[in-house]
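Novice: Before I ask anything, let me first share the structure, which is written out below as C-alpha cells.
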Protein chains: 2
Amino acid sequence: MKFDRMTSAGYLVNHVARLFADGLRKRIAPLGIVPGQFPALLALWEKDGLTQKELLAVLDIEQATLANTLTRMERDGLIVRKEHPSDARARTIHLTEKARGIRADAYRAAAETNRCALADMTEDEQDLLLEFIQRVIDTMQKDKEQ
Amino acid sequence: MKFDRMTSAGYLVNHVARLFADGLRKRIAPLGIVPGQFPALLALWEKDGLTQKELLAVLDIEQATLANTLTRMERDGLIVRKEHPSDARARTIHLTEKARGIRADAYRAAAETNRCALADMTEDEQDLLLEFIQRVIDTMQKDKEQ
DNA sequence: TACTATTACATAGCATACAATGCAATGTTA
DNA sequence: TAACATTGCATTGTATGCTATGTAATAGTA
C-alpha cells in the first residue's frame, strides 16, 4: 500500500498554510505585529470595543487561543482591555493608537502576500481556487457539527 | 479601505489547514499518534532506518521541528534512535513494532480525512484543487529562495 | 598534524493552536 | 432568596511550528 504526500489534500494544505504564515510574518514584522494577531486586528479595525465573546463569534479560533493572543497583544501595546459597562465578567477590547496607525500598511502586507502567492495563476484560476477552499471549509465545518 | 477575510487566500488556507489537522487528529487518536508525527511516519514506513538529515530532505519542515517531533515519537514508543554505523554525530531512526502495526489504519484515517473534506467536489474539481495548491506551493517556495 | 570550517543534531525561547479546567459574575428557578 | 446553572474569561498543559544558538564529531587545509 502507498500514500502519496503530494496528492494528499491535507498534507498540501498544511504546507501551503505554513508558507503563507511565513510570508506574512516577514512582511508585517516591521509593523511590530505577528500573523496570529492579524485576525483580531482585522475585526477590531472594522469595529472597535468588542468583547472577547463578540470577537470570538467572528474568528474561527477557540476561546483559549484568543485569550492568549489578546494577552500578547496587550503586552505588545496593540490593545487595552477596559471593564465592561454592565457586565463585570466581560471586558471590552480597544485598539491603541499604535494599532490604529498600522492599518493601511498591514492591509498592504496581507494583500501583497496573497498577490505573490497567486502570482502565476490567472484571475479565473484564483477565483476558482478561493471558491474551492471555501467549499472545503463549509464541508468540514458541517462535518464537525455532527 | 477594507480587507475581506473571506476572499483572502492566506486566511482561508490557514483556516482549512486547521480543520484538516483537527479532522486527522480525531481519526488517528485511537492509534496513539498525532498529526505532527504523520509526515515522519509516512517517510519511515516507506524506508526505515533513515537519519534525521535524510528525513529532513523529504519533509518540508525545519530541522529543529523534526528533532523535537522525533523526541516525542521516541517518548511515545513509535521510534528508537540507534547510533550511526560510521558517523558518531548522526543517529538512524527506526520504527517500533507499534508504529509498524498501525500503518494500514493510519493510511485509512488520512485517506478518510481527505475524502470527507472533498466530499462535495467532483473528481475533476478535486484534481484541479490539488493542482492549484501545488502551483501555489511552487510559487511561494521559489519566492523564499530569493 | 594543528587549525579551522562544516556537519548533524540538540536545546532554548517564542508564537499559535487546541482541550480541559478554574473562577467569579450573572441568570434562573424552586 | 438560596441553590444551582450558565456565562465570560483566564490559566494550564501540550503539540507543532519557527529562529537562534550550542555542541560534538567530522572534514578540509595550511
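The values are calculated or read from the model by the stated rules, or taken from the named source; none is laboratory data. Remember, it's a predicted structure, so these values are computed and weren't measured experimentally. No Cβ is skipped: glycine too gets one built from the backbone with ideal geometry, and neighbour counts run over all protein chains shown. When the accessible area is computed, the model is the full protein with side chains, heavy atoms only, and any ligands, DNA or RNA have been set aside. Shrake-Rupley method; radii C 1.70, N 1.55, O 1.52, S 1.80 Å.
Yes/no per residue for (1) touching a residue at least 24 places away in the same chain (Cβ under 8 Å); (2) within 24 Å of A:Glu97 (Cβ to Cβ); (3) within 13 Å of chain B (Cβ to nearest Cβ):
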site	(1), (2), (3)
A:Phe3	no, no, yes
A:Asn14	no, no, yes
A:Gly23	yes, no, yes
A:Ile33	yes, yes, no
A:Ala40	yes, yes, yes
A:Glu62	no, no, yes
A:Asn68	no, yes, no
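Novice: Before we move on, is B:Asp105 touching a Leu at 6+ places or on another chain (Cβ under 7 Å), within 13 Å of another protein chain (Cβ to nearest Cβ), open to solvent by 60 Å² or more (accessible area, probe 1.4 Å) and away from DNA strand D (no atom under 15 Å from the Cβ)?
Specialist: On the way: touching a Leu at 6+ places or on another chain (Cβ under 7 Å): yes; within 13 Å of another protein chain (Cβ to nearest Cβ): yes; open to solvent by 60 Å² or more (accessible area, probe 1.4 Å): yes; away from DNA strand D (no atom under 15 Å from the Cβ): yes.
The answer is yes for B:Asp105.
Novice: I've got another one for you. With respect to the numbered conditions (1) of a type in the set (A, V, I, L, M); (2) open to solvent by 30 Å² or more (accessible area, probe 1.4 Å); (3) assigned by TED's automatic domain parsing to the domain that holds A:Arg89; (4) more than 14 Å from DNA strand D (Cβ to nearest atom), which one is the sole condition not fulfilled by A:Leu42?
Specialist: So A:Leu42 meets the others, but not (2).
Novice: Among the residues of segment A:59-77, write down those that are under 27 Å from B:Val16 (Cα atoms) and in contact with a strand residue (DSSP E or B) (Cβ under 8 Å, 6 or more places away or on another chain). Give the steps one after another, and end with the answer.
Specialist: At the first step, the residues of segment A:59-77 found to be under 27 Å from B:Val16 (Cα atoms) are A:59-73.
Within segment A:59-77, A:Leu70, A:Met73 meet the criteria.
Novice: Ok, one more. List the pairs whose first member sits in segment B:80-91 and is within 12 Å of B:Leu50 (Cβ to Cβ), whose second member is more than 9 Å from DNA strand C (Cβ to nearest atom) and not in a loop (DSSP other than H, G, I, E, B), and whose Cβ atoms are under 7 Å apart, counting only residues at least 6 apart or on separate chains?
Specialist: B:Lys82/B:His94; B:Arg91/B:Lys82; B:Arg91/B:Glu83
Novice: Then there's this: With respect to B:Ala21, is the statement that it is in a helix (DSSP H, G or I), open to solvent by less than 10 Å² (accessible area, probe 1.4 Å) and at pLDDT 95 or above true?
Specialist: When the stated conditions are applied, B:Ala21 does not pass them.
Novice: If a residue has to be at the interface with chain B (Cβ under 7 Å from one of its Cβ atoms) and open to solvent by less than 60 Å² (accessible area, probe 1.4 Å) to count, how many in segment A:112-127 make the cut?
Specialist: Filtering segment A:112-127 for residues at the interface with chain B (Cβ under 7 Å from one of its Cβ atoms) gives A:113-114, A:116-121, A:125.
Applying the additional criterion that residues be open to solvent by less than 60 Å² (accessible area, probe 1.4 Å) yields A:113-114, A:116-118, A:121, A:125.
Qualifying residue count for the region: 7.
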